[in-house]
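Each reported figure results from applying straightforward, stated rules to the coordinates on display, with no laboratory input. As the structure is a computational prediction, the values presented were derived from the model and not from experiment. Glycine gets a Cβ as well: all are built from the backbone with ideal geometry, and neighbour counts include every protein chain shown.
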């Protein structure tokens with residue numbers, strides 16, 4: 001016997017976080033989006049049961065303190081809506097908190113794989129606010145990339161893990177303005193956070209900002 005999916009439509013929204021929102025956790029970001037969607041009067045689909053939740057999913061958790069322009073959320077709707085991108089963007093922004101920006105909006109196949117399983121890497125722009133001489137930064141990058149392996153020993157929730165994180169560094173380069181662009185693995189194949197990279201480079205004592213500007217998918 002076939003079952004009819006309760007999902008009438010799936011909508012993918014690219015959004016950004018800036019200002020005070022950079023200190024919002026992944027769970028609180030989902031709650032913010034639930035409020036935005038309700039205020040925009042979209043027909044959100046909720047789970048069944050005693051503790052119902054909106055059927056929304058974020059592509060990849062964003063570490064606290066990092067701004068972004070490439071976050072993605074997928075929203076399941078119980079009824080179809082006409083997607084006029086500009087009109088829907090204005091409708092969402094009119095009820096959004098300060099610091100939440102909205103980019104592309106598109107319908108996706110209801111049967112498509114989950115976002116979390118598709119994202120495999122991310123690019124970050126790290127800007128040092130202290131004086132970090134570019135030749136010294138480039139030397140640190142070269143030294144790190146020339147290492148065949150980078151073994152880290154971590155204990156988390158009483159579980160010890162030893163792993164080589166060198167394969168998780170997919171690219172490092174210095175822009176003309178002196179910012180460091182880091183292409184790092186995220187998701188199921190392994191996750192390297194920008195703060196861990198900065199520590200590896202011996203730059204954690206320098207004041208800096210981190211901005212995530214691109215997510216890469218497995219198909220790319």
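Would you kindly compute the Cα radius of gyration of region 9-112 and its largest Cα-Cα separation (Dmax), both in Å?
Here Rg and the maximum Cα pair distance are 13.2, 36 Å.
Quickly work out the residue 30-to-residue 107 label distance, labels modelled 7 Å from Cα along the C-beta direction, and quote it in nm with one decimal.
2.6
Calculated from DSSP H runs of 4 or more alone, at -39500 (n - 2.57) each and per residue, what is the 222 nm mean residue ellipticity of the chain, nearest 500?
-6000 deg cm²/dmol, from helical runs alone.
Relative contact order of region 9-112: what whole-number percent is it, with Cα pairs under 8 angstrom and at least 6 residues apart?
Once normalised by length, the contact order is 49 percent.
If packing is taken as the average count of other Cβ atoms within 10 Å, what order do 182-191, 93-102 fall into, highest mean first?
The peptides rank, most packed first, as 182-191, 93-102.
Between the alpha-carbon centers of region 13-37 and region 151-217, tell me the distance in whole angstrom.
That distance is 23 Å.
Between residue 142 and residue 206, what length comes free when the chain is fully extended (0.36 nm per residue of separation minus the Cα-Cα distance, one decimal in nm)?
21.1 nm
Can you tell me how much longer the chain between residue 18 and residue 217 gets when fully stretched, taken as 0.36 nm per residue apart minus their C-alpha distance, in nm with one decimal?
Going from the current span to full extension adds 69.3 nm.
Over the chain, what is the relative contact order in whole percent, taking alpha-carbon pairs under 8 Å and six or more residues apart?
Dividing the mean separation by the residue count of the chain yields 25 percent.
Can you work out the FRET efficiency for the pair residue 79 and residue 116, with r the C-beta to C-beta distance and R0 = 25 Å, to the nearest 0.05?
In this case the efficiency is close to 0.45.
Counting other C-beta atoms within 10 Å, which of 48, 140 has the fewest, and how do the rest follow?
Arranged by neighbour count, lowest to highest, 48, 140 become 48, 140.
Determine, for 210, 119, the number of other Cβ atoms within 10 Å of each Cβ, and report the residues in order from fewest to most.
Listed from fewest to most nearby Cβ atoms, that is 119, 210.
How would you rank 150, 73, going from fewest to most other Cβ atoms within 10 Å of each one's own Cβ?
150, 73
Output the relative contact order of region 120-217, whole-number percent, from Cα pairs under 8 angstrom with separation of 6+ residues.
RCO, region 120-217: 46 percent.
Starting from one equal scatterer on each C-alpha and no solvent at all, send me the Debye-based log10 I(q)/I(0) for region 37-81 at q = 0.15, 0.27, 0.30, 0.33 Å⁻¹, two decimals.
Values, matching the q order: -0.52, -1.01, -1.08, -1.17.
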